[in-house]
1. Out of region 167-180, which residues are surrounded by 17 or more Cβ atoms within 10 Å (Cβ to Cβ) and either touching a helix residue (DSSP H, G or I) at 6+ places or on another chain (Cβ under 6 Å) or at negative phi (or both)?
2. For the subset of region 181-201 comprising residues that are closer than 21 Å to residue 247 by Cα and surrounded by fewer than 19 Cβ atoms within 10 Å (Cβ to Cβ), which member is nearest to the chain's Cα centre (by Cα)?
3. Just give me the residues in region 9-33 being outside any loop (DSSP other than H, G, I, E, B), under 11 Å from residue 108 (Cα atoms) and within 16 Å of the chain's Cα centre (by Cα), in sequence order.
4. Starting from region 214-232, keep only residues that are assigned by TED's automatic domain parsing to the domain that holds residue 123 and at pLDDT 90 or above, then list their pairs with residues that are in a loop (DSSP other than H, G, I, E, B) and surrounded by fewer than 13 Cβ atoms within 10 Å (Cβ to Cβ) whose Cβ atoms are within a distance under 7 Å, requiring at least 6 positions of separation or different chains.
5. Tell me the residue from 193, 186, 154, 199 that is farther than 20 Å from residue 212 by Cα and in contact with a helix residue (DSSP H, G or I) (Cβ under 9 Å, 6 or more places away or on another chain), please.
6. Tell me the residue from 184, 156, 242 that is under 26 Å from residue 16 (Cα atoms), touching a residue at least 24 places away in the same chain (Cβ under 8 Å) and not in a loop (DSSP other than H, G, I, E, B), please.
7. Any idea which residue in region 206-225 is surrounded by the most Cβ atoms within 10 Å (Cβ to Cβ), counting only those that are within 22 Å of residue 177 (Cβ to Cβ) and under 26 Å from the mean Cα position of the chain (by Cα)?
8. For region 52-87, what are the residues that are closer than 19 Å to residue 283 by Cα, surrounded by fewer than 14 Cβ atoms within 10 Å (Cβ to Cβ) and at pLDDT 85 or above?
């Protein structure tokens, strides 16, 4: 367990998203032990053992879904399991011979969201103090000392991107009069799940006009939230900072595109193989076409993939029961 915890901590420190899969129950003759762990990475790679055969592709598929949705789930892979109405329980009728039954808990572990604060104003200082209490990692970006003779916008955009991937990066321009135009243009160029501008409505319109004059695409400019923050009615620096943090938290938990943009979720696939998993028509289990050992070629040219020989035999006995029309 110490080794697993150390490895999980190392992945978290590196900002690497992963899913911790834990076997919480089993029925013989399934050999995997209760308490066994595995790390499932965003590219589908598995570290550890959570079972093989038809178990593995289904667990990997559900783990990637849990990572994308940022919500844990319980898998019940059991031939006798009844449908479960609970939202975070997934039931699969495991029909593979000799596989028994397994319950797997999938816990997505994502790096903390980042709040990039641009500016050296009282609002920026308040943001740096308040945001960590909401679970945000604060990164302050210096907007005063770009590389001499270089492209100021490109320099600042590079510093913003270095703060973390776009899916967990939230950017707040709180310069309030100091190089506003260049800093906002850099923030839009870098992108992020949220881009907020601390400014009055009149000032915000002036800065949007600057973006248009600079050739910034209208869609990109429209993503800037200005004035930044929820309307709490306050005007003091701390109150403004609180409203901005509240808006970022709301965006993160809303489940919309802004909170989920850019999350690197890839599906495992061998070269030349279909990226999406196939589905066993008998039991509904996910099957990786690149590694499937039990297949059947139909007269119309379609290939059917099975998780085990038992499902293939059931299909061959009653193909009309499982076969969907071509197309």
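The values are calculated or read from the model by the stated rules, or taken from the named source; none is laboratory data. Everything quoted here is computed from the prediction, not taken from an experiment. Cβ placement follows ideal geometry from the backbone for every residue including glycine, while neighbour counts extend to all protein chains displayed.
1. The answer is 167, 168, 169, 170, 171, 172, 173, 174, 175, 180.
2. My answer is 191.
3. First, the residues of region 9-33 that are outside any loop (DSSP other than H, G, I, E, B): 9-13, 18-27.
Those left that are additionally under 11 Å from residue 108 (Cα atoms): 18-21.
Residues satisfying the conditions are 18, 19, 20.
4. So the pair list comes out as 227/200.
5. Just one listed residue meets the conditions, 193.
6. Exactly one of 184, 156, 242 is under 26 Å from residue 16 (Cα atoms), touching a residue at least 24 places away in the same chain (Cβ under 8 Å) and not in a loop (DSSP other than H, G, I, E, B), namely 156.
7. Here the answer is 224.
8. none
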